[in-house]
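Below is one structure, written out as C-alpha cells; the observations come after it.
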Amino acid sequence: MKRGKSKPSAVDDLYEAILCLETKKECSAFFDDLCTVQELKMLSQRLQVAKMLREHHVYSDIVTATSASTATISRVNRSLGSGYDIVFDRMKEHGTYHPEVAVNSGEEQPD
C-alpha cells in the first residue's frame, strides 16, 4: 500500500521505534510485544513471497513453499519495489539474504 506524503505521526513513531533497534534479539522482543503470532506469520510470509517473486519463482512454487494464497502473492507482486529492494539489497550487504531459503511462514530459522 502506498501512502501519501502526510503520514500520521503514529506511523512515524513506529518507524522511529524500529530504527532504534540494534540487534535481532531486540527486534524479536519488540515485534513479539507489538504483533500477534498470526501478524508476525503474515509479515514474514509476505517477505518470503517477495523474495521468491524477485527470484522469478512461479506462483505454484511460492504457494507450496510459503502456504500463501494466490491473492496474497498477487498483492505482494503488485507492491514489489523500492521498499523491498532496499531491504533485500541491505540483507545482501550484511550476508543475511539467502535466496534458496523459502519456508512456511512463522517457522523459526537457525541463527
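Each reported figure results from applying straightforward, stated rules to the coordinates on display, with no laboratory input. Quick caveat, the model's predicted, so the values are computed rather than measured. Note that each Cβ is placed from the backbone with ideal geometry, even for glycine, and that neighbours are counted across all protein chains shown.
If a paramagnetic tag sat 7 Å from the Cα of residue 13 along the Cα-Cβ line, which residues of region 28-47 would have the backbone N under 19 Å from that point?
Residues passing the 19 Å test: 30-36.
Quote the FRET efficiency, to the nearest 0.05, computed for residue 32 versus residue 58 with a Förster distance R0 of 30 Å and r equal to the Cβ-Cβ distance. Don't skip to the answer; put the middle values down first.
On the way: r = 33 Å, r/R0 = 1.12.
The calculated FRET efficiency here is 0.35.
Mind ordering 68-74, 80-86, 40-46 by average Cβ neighbours within 10 Å, highest first? Could the numbers behind the result be given before it?
Working: 68-74: 15.6, 80-86: 11.6, 40-46: 17.3.
Final packing ranking: 40-46, 68-74, 80-86.
Work through the residues other than residue 21 whose Cβ is under 15 Å from its Cβ and net out their charges, Lys, Arg +1 and Asp, Glu -1.
Working: positive: 24, 25, 90; negative: 13, 16, 22, 26, 32, 33.
Net of charged neighbours comes to -3.
Within a Cβ distance under 12 Å of residue 80, other residues only, what is the Lys/Arg minus Asp/Glu net charge? Before the final figure, lay out each step's value.
Working: positive: 46, 51, 54, 75, 78; negative: 55, 85.
That sum, taken over residues with Cβ under 12 Å, equals +3.
Quick check on the exposure proxy: order 56, 98 from fewest to most C-beta atoms within 10 angstrom. Display every interim value, and only then the final one.
Numbers: 56 6, 98 11.
With the fewest neighbours first, 56, 98 line up as 56, 98.
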